[in-house]
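A.B. asks: Structure below; questions to follow.
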Amino acid sequence: MSSVTLRGTPSPVPVSKIICVGRNYAAHAKEMKAEIPEQPVLFLKPPSAILHDGGTIVIPKISRDLHHEVEMTVLIGRGGKNIDEHSALSHVAGYGVGLDMTLRDVQSEAKKKGLPWTLAKGFDTSAPLSEFVPAAAISDPHALEVELRVNGAVRQRGNTSSFIFRLERLISLISTHFTLEKGDVIFTGTPEGVAQAVPGDTLEATLRTPGGTPLSLLTVRIGQA
């Protein structure tokens, strides 16, 4: 089973499912020419999509347009169903940074035909994940910066204070549809600046404190099938 690392714990944490939130930053919705949603847009990636720090993203042969989407990620430590918003953050074990890699051409074609996005979002290596920082070390998860550099140049930068849907609401809503379990991972949405990544690129994602101190780092490269 695929797993992730929570800093300070001796054993890897098995992941049962990955829940992703689309369009959680207004500026990203605008750049995608999409409406700002009234309810969170949810989709899934399989745990087999996980790639760890130092790994290589492999572009499937069905695509010629791979895009990066940097996001703060949430590791669930205590499961539940119909979780109340007031207690939602107590279910979080840690925070990290991840990349929702997307086959944009495949996704666009699926949208035109009214088909699911599964191939565009869930392929192997489409979910690079950093080590998770214990939730107790984060005083306010809605005051963190996410940044992505491609070949050393800043490509995306955003702050979780700009979330359309705060974590409490996301966790509560998700748990009404999918029973959350220990080890589940939530991708919380990407800021503006999504763009193509090509073979040979190096992607460096960072989660930072309000003061700019790095909390979690992720570096991956782009390869080709």
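The values are calculated or read from the model by the stated rules, or taken from the named source; none is laboratory data. Bear in mind that the values here come from a model prediction, so they are computed numbers and not experimental data. Positions of Cβ are generated from backbone atoms using ideal geometry, with glycine treated the same way; all protein chains shown enter the neighbour counts. Areas reflect the complete protein model, heavy atoms only, side chains present, ligands, DNA and RNA absent. Shrake-Rupley method; radii C 1.70, N 1.55, O 1.52, S 1.80 Å.
A.B. asks: Suppose we keep only residues that are open to solvent by less than 10 Å² (accessible area, probe 1.4 Å) and among the hydroxyl-bearing types (S, T, Y) within segment 178-198. Which one would you say is nearest to R166 (Cα to Cα)? Quick ask: steps written out before the conclusion?
C.D. replies: Initially, segment 178-198 is screened for residues open to solvent by less than 10 Å² (accessible area, probe 1.4 Å), giving 180, 183-191, 197.
Now drop any that are not among the hydroxyl-bearing types (S, T, Y), which leaves 188, 190.
Details: T188: 9, T190: 13 Å.
Of everything passing the filter in segment 178-198, T188 is nearest to R166 (Cα to Cα).
A.B. asks: Out of the residues in segment 156-177 that are part of a helix (DSSP H, G or I) and either open to solvent by 10 Å² or more (accessible area, probe 1.4 Å) or among the basic types (K, R) (or both), state the one that is nearest to K17 (Cα to Cα).
C.D. replies: Only one residue fits best here, namely H177.
A.B. asks: Only one of S139, S130 is out of contact with any Ser or Thr (no Cβ under 6 Å at 6 or more places or on another chain), under 29 Å from G77 (Cα atoms) and of a type in the set (S, T, Y); which?
C.D. replies: Working: S130 fails: out of contact with any Ser or Thr (no Cβ under 6 Å at 6 or more places or on another chain).
It is S139.
A.B. asks: Please go through segment 132-155 and pick out each residue that is surrounded by fewer than 18 Cβ atoms within 10 Å (Cβ to Cβ) and in a loop (DSSP other than H, G, I, E, B).
C.D. replies: Step one: list which residues in segment 132-155 are surrounded by fewer than 18 Cβ atoms within 10 Å (Cβ to Cβ), which gives 134, 136-137, 139-140, 142-143, 149, 151-154.
Answer for segment 132-155, where residues must be surrounded by fewer than 18 Cβ atoms within 10 Å (Cβ to Cβ) and in a loop (DSSP other than H, G, I, E, B): S139, D140, H142, A143, N151, G152.
A.B. asks: Now, a different point. So which residues in segment 119-154 are among the hydroxyl-bearing types (S, T, Y) and either within 22 Å of S90 (Cβ to Cβ) or without any contact (Cβ under 8 Å) to a residue 24 or more places away in the chain (or both)? Can you show your working first?
C.D. replies: Looking only at segment 119-154, we keep the residues that are among the hydroxyl-bearing types (S, T, Y), and these are 125-126, 130, 139.
If the condition is that a residue be among the hydroxyl-bearing types (S, T, Y) and either within 22 Å of S90 (Cβ to Cβ) or without any contact (Cβ under 8 Å) to a residue 24 or more places away in the chain (or both), then S139 is the only one that fits.
A.B. asks: Quick one: how many residues across segment 31-55 are among the charged types (D, E, K, R), at pLDDT 80 or above and more than 13 Å from the chain's Cα centre (by Cα)?
C.D. replies: First, the residues of segment 31-55 that are among the charged types (D, E, K, R): 31, 33, 35, 38, 45, 53.
Filter once more, so that each one left must be at pLDDT 80 or above: 35, 38, 45, 53.
Still in the list and also more than 13 Å from the chain's Cα centre (by Cα): 35, 38, 53.
Of the residues in that region, 3 qualify.
A.B. asks: Which of the residues that make up segment 134-166 are among the hydrophobic types (A, V, I, L, M, F, W, C) and either within 15 Å of the chain's Cα centre (by Cα) or under 18 Å from D201 (Cβ atoms) (or both)? Steps first, answer last, please.
C.D. replies: Of segment 134-166, the ones among the hydrophobic types (A, V, I, L, M, F, W, C) are 135-138, 143-144, 146, 148, 150, 153-154, 163-165.
Across segment 134-166, the qualifying residues are L144, V146, L148, V150, A153, V154, F163, F165.
A.B. asks: Please verify whether I222 is of a type in the set (A, V, I, L, M), modelled with pLDDT of 95 or more and buried (at least 24 other Cβ atoms within 10 Å of the Cβ), treating the condition exactly as stated.
C.D. replies: Working: of a type in the set (A, V, I, L, M): yes; modelled with pLDDT of 95 or more: yes; buried (at least 24 other Cβ atoms within 10 Å of the Cβ): no.
Here the answer is no, as I222 does not meet what is asked.
A.B. asks: I'd like the full set of residues that are touching a Pro at 6+ places or on another chain (Cβ under 9 Å) and either over 27 Å from S90 (Cβ atoms) or hydrophobic (A, V, I, L, M, F, W, C) (or both), limited to segment 169-218.
C.D. replies: If the condition is that a residue be touching a Pro at 6+ places or on another chain (Cβ under 9 Å) and either over 27 Å from S90 (Cβ atoms) or hydrophobic (A, V, I, L, M, F, W, C) (or both), then L170, L173, I174, V185, L203, A205, L207, L218 are the ones that fit.
A.B. asks: While we're on this one: Restrict the check to segment 121-129 and report whether at least one residue is at pLDDT 95 or above, more than 14 Å from M101 (Cα to Cα) and either open to solvent by less than 70 Å² (accessible area, probe 1.4 Å) or not in a strand (DSSP E or B) (or both).
C.D. replies: So in segment 121-129, the residues at pLDDT 95 or above come out as 121-129.
Restricting the remaining residues to those that are more than 14 Å from M101 (Cα to Cα) gives none.
Scanning segment 121-129, I find no residue that is at pLDDT 95 or above, more than 14 Å from M101 (Cα to Cα) and either open to solvent by less than 70 Å² (accessible area, probe 1.4 Å) or not in a strand (DSSP E or B) (or both), so the answer is no.
A.B. asks: Moving on to the next point. Residue check, P191 against (1) closer than 22 Å to L144 by Cβ; (2) not in a loop (DSSP other than H, G, I, E, B), all met but one. Which one?
C.D. replies: It fails just one condition, (2).
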